[in-house]
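The structure is given below, and queries will be raised subsequently.
What follows is calculated from the coordinates using simple rules that are stated; it is not laboratory data. Bear in mind the structure is a predicted one, so any value in this text is a computation, not a measurement. Heads up, the Cβs are rebuilt from the backbone with ideal geometry, glycines too, and the neighbour counts pull from every protein chain shown.
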């Protein structure tokens, strides 16, 4: 049986969409003849929000966990000074100092094995001194894991794979920080050219990579839904007392949340007999969203439920109780939640494809440089391909959609979803493709002891 060393910073029990991709490798690879060994950091879900990302680990020592499907190596995590200041004093104090410290580690970690993420490199290196593996895969971000994989590959003669969940130096957030953009581009080109293969989630992301690192062997392995979780919830019925609309995940500045809430409030006020509930699960703006509803849209106070982060298996159960699920347009990105929505087979509504207010937000906040050669409506394309929902053009269209949904719900007690062809978006299918890819790799030299 082949063995794959996986460098993954985000990993359960930490609740993040970034951790689901390596977690499903860990879950399913052994079924396809590959034993996974994951090196990650220790996670404690103490806060249920962003503070979990910087909270100390549960041990000062490496903790090795052995499971039937693989090995998990959990490294110690000690917050740096920036993170300790944030944990102790909150977001508003010492902001400049915290940014300076974080900036130092973001740059210096590519020169020396220092900073909170370096423990992953140290633990992986110690493991490889005593154990053979057939390949290494690092999933980013954080993209310093690519550097660690490259150095381990060189030292031990093991091919490595660069897995991009998002672009690295082409992330438009760096547009404001020219030094960091240059620094990342330099290290991306230097590091990834040694990779045996590039894996990423979409053609759009690969096109960005290819502009910097051309003619590299690559595979597109999109995200998907966890088939075991979907199997567990397949008999959970939709709610029949209220028309429930569910949303899970991050709300970005370019998302038209105001427009959406305003339209929902208008619908509720003009349809006083309607029973409608918005359910927001684990958003990144829980407090802000609650304040927005109470101050700007008081008509929704009794129609809005906002909950903290929860494990993916739990949030899928909650989503399954909804009649409809909400997506905000990611344009050139597919995102990950759309695949869970596909799996639970609840009708999606995508807001919006061509709304003036949403377009203005996109121009102001969207940091991704789109390409004329690639679609910038990936979610809409998938919804249309699978017949899994409604691509809402604008606010006026949303109001019509709400009226149609309420009519269907009041008559039948549910909302039908007649999707098709979703099976190929199972994460297990993508893991099988990854396992097949590993069969093509060979060591560049005998593994050192």
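Under 20 Å from a point placed 7 Å out from the Cα of residue 367 along the Cα-to-Cβ direction: which residues of region 247-261 have their backbone N that close?
249-257
So if each residue of separation counts as 0.36 nm, and I subtract the Cα-Cα distance between residue 308 and residue 270, what length gain in nm does that give? Please report the intermediate quantities before stating the final value.
On the way: separation 38, 0.36 × 38 = 13.68 nm, distance 3.05 nm.
Full extension of this stretch gives 10.6 nm more.
Could you put 170, 294 in order, starting from the residue whose Cβ has the fewest other Cβ atoms within 10 Å? Write down the numbers at each step before the final one.
Numbers: 170 21, 294 12.
The fewest-first ordering by Cβ neighbours comes to 294, 170.
Throw me the Rg/Rh for region 134-216, computed over C-alpha atoms with Kirkwood Rh, two decimals.
Values: Rg = 12.2 Å, Rh = 12.8 Å.
Over the Cα atoms of region 134-216, Rg/Rh equals 0.96.
Further, regarding this structure: Assign one of three labels to region 338-402, namely rounded, prolate or oblate, based on the Cα gyration tensor with a ≥ b ≥ c the square roots of its eigenvalues; rounded applies when a/c is under 1.5, prolate when it is not and a/b is larger than b/c, and oblate otherwise.
Values: a/c = 2.18, a/b = 1.25, b/c = 1.74.
It comes out oblate by the Cα gyration axes.
Per the helix-only calculation at 222 nm, which mean residue ellipticity applies to the chain, given -39500 (n - 2.57) for every DSSP H run of n ≥ 4 and division by its residues, nearest 500 deg cm²/dmol?
-12500 deg cm²/dmol
Taking every DSSP beta bridge that has both residues in the chain, what percent is antiparallel when rounded to the nearest 5?
Details: 5 of 54 bridges.
Around 10 percent antiparallel, to the nearest 5.
Still on this structure, please answer the following. Taking Cα pairs under 8 Å and at least six residues apart, what relative contact order does region 227-425 come out at, in percent? Walk me through the numbers before you get to the answer.
Working: 318 pairs, mean separation 52.4, N = 199.
Averaging sequence separation for qualifying contacts and normalising by length gives 26 percent for region 227-425.
Full-extension gain between residue 290 and residue 155, please, as 0.36 nm times their residue separation minus the C-alpha to C-alpha distance.
Working: separation 135, 0.36 × 135 = 48.60 nm, distance 5.15 nm.
Extra length from residue 290 to residue 155 when fully extended: 43.4 nm.
Now for a separate question. Scaled to the compact-protein estimate 2.2 N^0.38 Å, what is the alpha-carbon radius of gyration of the chain, rounded to two decimal places? List each step's numbers first, then the result.
On the way: Rg = 22.6 Å, N = 449, 2.2 N^0.38 = 22.4 Å.
So the Cα radius of gyration is 1.01 times the expected 2.2 N^0.38 Å.
For residue 233 and residue 399 in one chain, what is 0.36 nm times their gap in residues minus the Cα-Cα distance, to one decimal in nm?
Values: separation 166, 0.36 × 166 = 59.76 nm, distance 3.03 nm.
56.7 nm is the gain from fully extending residue 233 to residue 399.
Further question: If contacts are Cα pairs under 8 angstrom and at least 6 residues apart, what is the relative contact order of the chain in percent?
Details: 801 pairs, mean separation 70.9, N = 449.
RCO, the chain: 16 percent.
Let me ask something additional. What residues of region 152-171 lie in the reach of a label at residue 186, counting those whose backbone N is under 19 Å from a point 7 Å from the Cα along Cα→Cβ?
The answer is 168-171, whose backbone nitrogens lie closer than 19 Å to the label point.
Moving to a separate point now. From the convex hull of the Cα coordinates of region 16-153, what is the mean projected area in square nanometres?
Values: hull surface 36.1 nm².
Average of the hull's projected areas for region 16-153 equals 9.0 nm².
Related question: Quote the relative contact order of region 1-144 in percent (integer), defining contacts as alpha-carbon pairs under 8 Å separated by 6+ residues. Before the final figure, lay out each step's value.
Details: 229 pairs, mean separation 40.1, N = 144.
Here the relative contact order equals 28 percent.
Quick one: if you take sqrt(5λ) for each eigenvalue of the C-alpha gyration tensor of region 40-93, what semi-axes come out, biggest first, whole angstrom? Walk me through the numbers on the way to the answer.
Working: eigenvalues 144, 27, 9 Å².
They are 27, 12, 7 Å, listed from largest to smallest.
What is the packing order of peptides 133-139, 35-41, taking the mean over residues of other C-beta atoms within 10 Å and listing the highest first? Write down the numbers at each step before the final one.
Numbers: 133-139: 25.0, 35-41: 22.6.
Top to bottom by mean Cβ count within 10 Å: 133-139, 35-41.
Top mean-square fluctuation among 206, 330, 252, Gaussian network model of the chain, C-alpha springs under 10 Å?
Maximum among the listed residues: 252.
Rounded if a/c is under 1.5, else prolate if a/b beats b/c, else oblate: with a ≥ b ≥ c from the C-alpha gyration tensor eigenvalues square-rooted, which is region 227-425?
Values: a/c = 1.34, a/b = 1.04, b/c = 1.29.
Taking the square roots of the gyration eigenvalues as a ≥ b ≥ c, region 227-425 is rounded.
Would you list the P(r) distribution for region 86-175, with all Cα-Cα distances sorted into 10 Å bins from 0 and each bin expressed as a whole %?
14, 38, 30, 13, 4
Where in region 303-328 does the label zone of residue 240 land, with the point 7 angstrom along Cα→C-beta and an amide N cut-off under 20 Å?
Hits in region 303-328 for residue 240 at 20 Å: 318-325.
If each residue's Cβ is checked for other Cβ atoms within 10 Å, how do 297, 50 rank with the fewest at the top? List each step's numbers first, then the result.
Numbers: 297 19, 50 11.
Ordered from fewest to most neighbouring Cβ atoms within 10 Å, 297, 50 come out as 50, 297.
Can I ask one more? If you take the square roots of the eigenvalues of the alpha-carbon gyration tensor of region 271-371 and sort them as a ≥ b ≥ c, do you get rounded (a/c under 1.5), prolate (a/b over b/c) or oblate?
Numbers: a/c = 1.59, a/b = 1.17, b/c = 1.36.
Note, shape of region 271-371 comes out oblate.
Listing 404, 226 from the residue with the fewest other Cβ atoms within 10 Å to the one with the most, what is the order? Numbers along the way, then the final one.
Working: 404 12, 226 22.
With the fewest neighbours first, 404, 226 line up as 404, 226.
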